[in-house]
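In what follows, a single structure is set out as structure tokens and then discussed.
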Amino acid sequence: MTSIDLAGEWRLVRLATNESFPAAVPGDTHSALLAAGRIPDPYQALNELDVQWVGREDWAYEREIEVDSHLLSQERVELSFECLDTLAEVFLNGRSVGRADNMFVRWVFDARPFLAPGRNTLRVAFSSAENAAVAAAERLPYPVPHSVYPVQSPHHNLVRKAQCHAGWDWGPCLMVAGIEGPVSLDAWSDARIDYVYDEQRHTRGACAVTVFVECQAARPAELELRVAVGAVRVHKRVAVVPGAQRLSAEVVVEDPELWWPHGMGEPRLYDLVVELGSHAVRRRIGLRTLQLVTEEDAAGLSMSFRVNGRDVFCKGANWIPPDALPQRESISRLRHLLDSACRANMNMLRVWGGGRYETEDFYRLCDENGILVWQDMMFACALYPASPDFLASVEREIRHQVKRLRHHPCLALWCGNNEDVGALTWFPESKKNRDRYLVDYDRLNEGVIGRVVDELDPTRTFWPSSPSAGRGDYSDNWHDDRRGDMHYWSVWHEGRPFHAYYDVSPRFCSEFGYQSFPSLRTIRTYAAEEDLNATSPVMEHHQRHPRGNSAITEMFTRYFRVPEGFESFVYLSQVQQALAIKTAVEYWRCLRPSCMGTLFWQLDDNWPVASWSSLEYDGTWKLLHYAARRFFAPVLLCAWLKDGRVELALANDRASEARGSVTLSVRDLAGTAVRTETMDARVPGASVARLGSWDREELAPRPDQVFLHLALQIGEERSQNELFLVEPKRMALPRVRLAASVRADGDRCLVRLVSDAPAFYVALESGEIRGEFSDNCFTLLPGTAREIEFRPAVPVAAAELERSLRVRHLRETYR
């Protein structure tokens, strides 16, 4: 097969004026206009509001293609687009080749009748998805409602486009259009391979891999199908006929090395090579078994994942598209985000249903890193139509995406949508006539999505919605912790205290979260100095939850003394976020095996903003992400205060027994231990041990004058944890003299910290110097020096870092 890669420089044409600008492909309209100086950066200040016109106009991408007679001598010549966003018509030499109406479908058009030897003109004309959605709403026989956000493109649920492009409560409204994936001109005379995927049958000492090849043949022929898995190769002659068909071959791998999730073993991958005629396709697959276990028990309906016969406690976060402007995404950013997830001991990410099915690079990196993927289909927080045209478009989408992705060993679950069962209770229309909208929901979710997944990927479970209690259950699972997965948002949305996390015992919590502001360095990318105030228009614009800043501030008053100054406000918001998620995760991990998963909202941001993320838009770790590395650690020592009692537990996610020494000390505010209990602790693999329980008043008669310090030593591994027995605002924390010095050590810097009193939530900031600290948001005890490593993004002198270094802690946030 001969292919011409059509990525590179095109021209973008504004159809209303016929102006044209250079444009990159893959790319999007807004990025091209920004590069041409025709719009301001929508991420800065209030500029987003000034670029809304772009999504309401029609655009075209144009380029020329040189075609020779050899290419035209092939029996089939096709134009292939991995992602056309969203409503497009494709022209060759002024003649229409075909139309597209769904950005989640691979569009392939017969180009041969339209091409001539020499120079050819290719044009892709995009109609405004916003205008099309408004027009579609006017044609509806009854309204189909959706969630509305501060800056919003209406009726986005009526077009098959990333729903968050229309605005969300953490993201901008940027209705981009463009050619956002690979595009090529492909010519062939024998067969073209469309999809390659596998099914595995594991028996003692061997794995039989059945490889399926979906292909298109140009004419009847007998071809050789060659399949290799690692060093094992098979080949056979196959008869092909014109049109689409599925071929298969079986490869047996003796003594396979298995693919394991992160933290459970190596994610071993095998090269899979398939050749048919002149076309070859290469994939990497993992050999493993995976089950979703849902069983009725005394508590309700369990939910856990089992890989290679071992139950996995899922630890991770929710994933959104990493940029609102698709052209700004890069493989280096993906690597950083996914590497950061691994270094925080995560083993699962949930690809959330309001974004997009991710790129091949994303799933490949998840395969390589052992990150399980909970894959939502792209429907979220809305109701959807069930017209024949809409359902037909969705079926084409699901068929493509399931076939495209199912070979990835990281893929753990297909989920129908995000919160659409719950959405049936959100809108006046569906409250008045739930039956009508429930029927539409079922026609879409079970009648199309579930049916197609069952047909095309019997190796995985279809989970109808998140949250839900499984197929056939249409109840709202938002506040039900007994069955399946739940989304627990009472702390953020309802303003309940952090100890409300102790009131629920989820079987699998796939969403919960708490907001913070990004770092000062990130804030300064969109706000001028005069805007550095939480209620300035720019700061409020970069806070998309209607009461987000108020919620953060109100929770301050529950736990902390009101911070003085904007810098302390930003720092304390990150401390508060880390404390919220730590409270939930530590408690829920200790409910194992009843609870088997915690995925907080959310890992990443798609622009610089105040949000629930643990990684800022530029990849900077928030204090939450540093805390996650500790509360997601394979072996976790933790304590909590519930109903007047302090509970101490040791959670072990490893397969082998954890045996070590545990020290619980009650320390006064000078850091002196006034009571110490040391014990030997043993906890079997994949389990939790309760180590002790104390009445708070017996353990600490003056709880406002002490804190608990926990220490764990297992061999050479050491970790520590803390617990306040009252709200920190009620404690007369002493002033702290904290000294920091910096020295160079090769390509890194080492920061030495010493304090004369306990310093809580110590946070190091490097100013405008980009880099990453080895630890952050920790307690520094007096007389114990801590040395923290700093790895700069580019080489930096120790003296320069020392000048920029800022060390914060809780006591300095108020006088």
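The values are calculated or read from the model by the stated rules, or taken from the named source; none is laboratory data. Note that the structure is predicted; figures quoted are calculated from it, not measured. Cβ atoms come from the backbone with ideal geometry, glycine included; neighbour counts cover every protein chain shown. Protein only, heavy atoms only, side chains kept; ligands, DNA and RNA dropped before computing areas. Shrake-Rupley method; radii C 1.70, N 1.55, O 1.52, S 1.80 Å.
Quick one: which of LYS161/LYS582; LYS432/LYS642; LYS315/LYS642 span more than 30 angstrom between C-alpha atoms?
LYS161/LYS582; LYS432/LYS642
Express as a percent, rounded to the nearest 5, the fraction of DSSP beta bridges in the chain (both residues included) that run antiparallel.
Around 85 percent antiparallel, to the nearest 5.
If you line up the Cα atoms of region 64-128 on their principal axes, what length do they span on each, largest first, in Å?
Principal-axis extents of the Cα atoms in region 64-128, largest first: 36, 20, 15 Å.
Which value in Å is the Kirkwood Rh of region 126-180 over different Cα pairs?
11.6 Å
Modelling each spin label as a point 7 Å along the Cα-to-Cβ direction, I'd like the SER248/ARG682 distance in nm, to one decimal.
4.9 nm
Please give the Cα centre distance for region 397-434 versus region 18-96, rounded to the nearest Å.
About 29 Å separates the Cα centre of region 397-434 from the one of region 18-96.
How big is the chain on each of its three principal axes, counting only the C-alpha atoms and giving the largest first in Å?
Principal axes ranked by extent give 87, 66, 65 Å for the Cα atoms.
Which values of log₁₀ I(q)/I(0), to two decimal places, follow from the Debye formula for region 13-108 at q = 0.10, 0.11, 0.17 Å⁻¹ with a uniform point scatterer at every Cα?
-0.36, -0.43, -0.91
Between ALA137 and ASP50, 0.36 nm times their residue separation minus their Cα-Cα distance comes to what?
28.8 nm
I'd like to know how region 1-48 sits against the 2.2 N^0.38 Å rule of thumb: what's its Cα Rg over that expected value?
Taking the Cα Rg and dividing by 2.2 N^0.38 Å, one obtains 1.42.
Once Lys and Arg get +1 and Asp and Glu get -1 on their Cβ, which of GLN713, PHE498, THR461 lies farthest toward the positive end of the dipole of the chain?
GLN713
For ARG204 and ARG659, FRET efficiency with R0 = 30 Å and r from the beta-carbon atoms, rounded to 0.05?
About 0.40, to the nearest 0.05.
Projecting each Cα onto the charge dipole of region 195-326 (Lys/Arg +1, Asp/Glu -1 at the beta carbon, about the Cα centre), which of SER248, ALA221, HIS202 comes out farthest on the positive side?
Farthest along the dipole direction, towards plus: ALA221.
If the chain between ALA231 and ALA35 were fully stretched, how many nm would it gain, using 0.36 nm times the residue separation less the Cα-Cα distance?
65.8 nm
Could you give the accessible area per residue of the chain, probe 1.4 Å, as a whole number in Å²?
37 Å²
How much of the pair distance distribution for region 386-542 lies past 20 Å, counting alpha-carbon pairs only, in percent?
Every Cα pair in region 386-542 considered, those over 20 Å come to 64 percent.
Once the cut-off is 26 Å, how many percent of the Cα-Cα pairs in region 31-188 end up in the long-distance tail?
It works out to 37 percent of all Cα pairs.
Please report the relative contact order for the chain, taking Cα pairs under 8 Å with a sequence separation of at least 6, and give it as a percent rounded to a whole number.
The value is 9 percent.
Give the shape of region 675-766 as rounded, prolate or oblate, defined through the alpha-carbon gyration tensor: a ≥ b ≥ c are the square roots of its eigenvalues, a/c under 1.5 means rounded, and otherwise the shape is prolate if a/b is larger than b/c and oblate if not.
Oblate, because a/c is 1.5 or more while a/b does not exceed b/c.
Could you compute the FRET efficiency for ASP5 and ARG791, with r as their C-beta to C-beta distance and R0 at 60 Å, rounded to 0.05?
So the FRET efficiency works out to roughly 0.95.
When the dipole is taken about the Cα centre of region 53-180, and only Lys, Arg (+1) and Asp, Glu (-1) are charged at their Cβ, what size is it in debye, to the nearest 20?
With only Lys, Arg, Asp and Glu charged at Cβ, the dipole is about 220 debye.
Just read off the accessible area of LYS161 with the full protein assembly in place, 1.4 Å probe, to the nearest 10 Å².
10 Å²
Using the crude model of +1 on Lys and Arg Cβ and -1 on Asp and Glu Cβ, and no other charge, please compute the dipole size for the chain relative to its Cα centre, in debye to 20.
Once rounded to the nearest 20, the dipole reads 1200 debye.
Calculate for the chain the 222 nm mean residue ellipticity that helices alone would give, adding -39,500 (n - 2.57) per DSSP H run of length 4 or more and normalising by residue count, nearest 500 deg cm²/dmol.
Calculated at 222 nm, the ellipticity per residue is -5500 deg cm²/dmol.
With a cut-off of 12 Å, note down the residues of region 668-709 whose backbone N falls inside the zone around a label point 7 Å from the Cα of ASP643 toward its beta carbon.
Under 12 Å, as judged by backbone N against the label point of ASP643, lies no residue of region 668-709.
Can you pull out the GluC sites (Glu not before Pro) in region 466-532 whose DSSP state is coil and whose Cβ has at most 11 other Cβ atoms within 10 Å?
Qualifying residues, ordered by number: GLU494.
By how many degrees, 0 to 90 and rounded to 10, does the Cα axis of helix 566-589 deviate from the longest principal axis of the chain?
Helix 566-589 sits at roughly 80 degrees to that axis.
Largest first, how would HIS336, HIS542, HIS235, HIS279 line up by accessible area (1.4 Å probe)?
Sorted by accessible area, descending: HIS235, HIS336, HIS279, HIS542.
What does the extension gain come out to for GLU446 and ARG547, with contour length at 0.36 nm per residue minus their alpha carbon separation?
Going from the current span to full extension adds 32.8 nm.
Keeping all protein chains in the complex and leaving out DNA, RNA and ligands, what accessible area do you get for VAL252 with a 1.4 Å probe, in Å² to the nearest 10?
About 60 Å², ignoring ligands and nucleic acids.
With a 1.4 Å probe and every protein chain left in place, tell me how much accessible area SER719 has, in Å² to the nearest 10.
The accessible area of SER719 comes to roughly 50 Å².
Tell me the label-point distance for the pair SER741, GLU554, using the 7 Å Cα-to-Cβ offset, in nm and rounded to one decimal.
4.8 nm
Along its principal axes, what span do the Cα atoms of region 716-768 show, with the longest given first and each in whole Å?
Principal-axis extents of the Cα atoms in region 716-768, largest first: 44, 30, 23 Å.
Need one number: nm distance between label points at GLU296 and ASP361, each 7 Å from Cα along Cα→Cβ, rounded to one decimal.
My value for the distance between the label points is 4.9 nm.
Enumerate by residue number the GluC sites (Glu not before Pro) in region 714-785 meeting two conditions: DSSP loop (anything except H, G, I, E, B), and at most 10 other Cβ atoms within 10 Å of the site's Cβ.
Here the sparse-neighbourhood loop sites are GLU716, GLU768.
Below 8 Å, C-alpha to C-alpha, sequence gap of six or more: please give me the relative contact order for region 269-312 in percent.
28 percent
Just to be sure I follow: if Rg is taken over the C-alpha atoms of region 377-416 and Rh is the Kirkwood radius over the same atoms, what is Rg/Rh?
1.03
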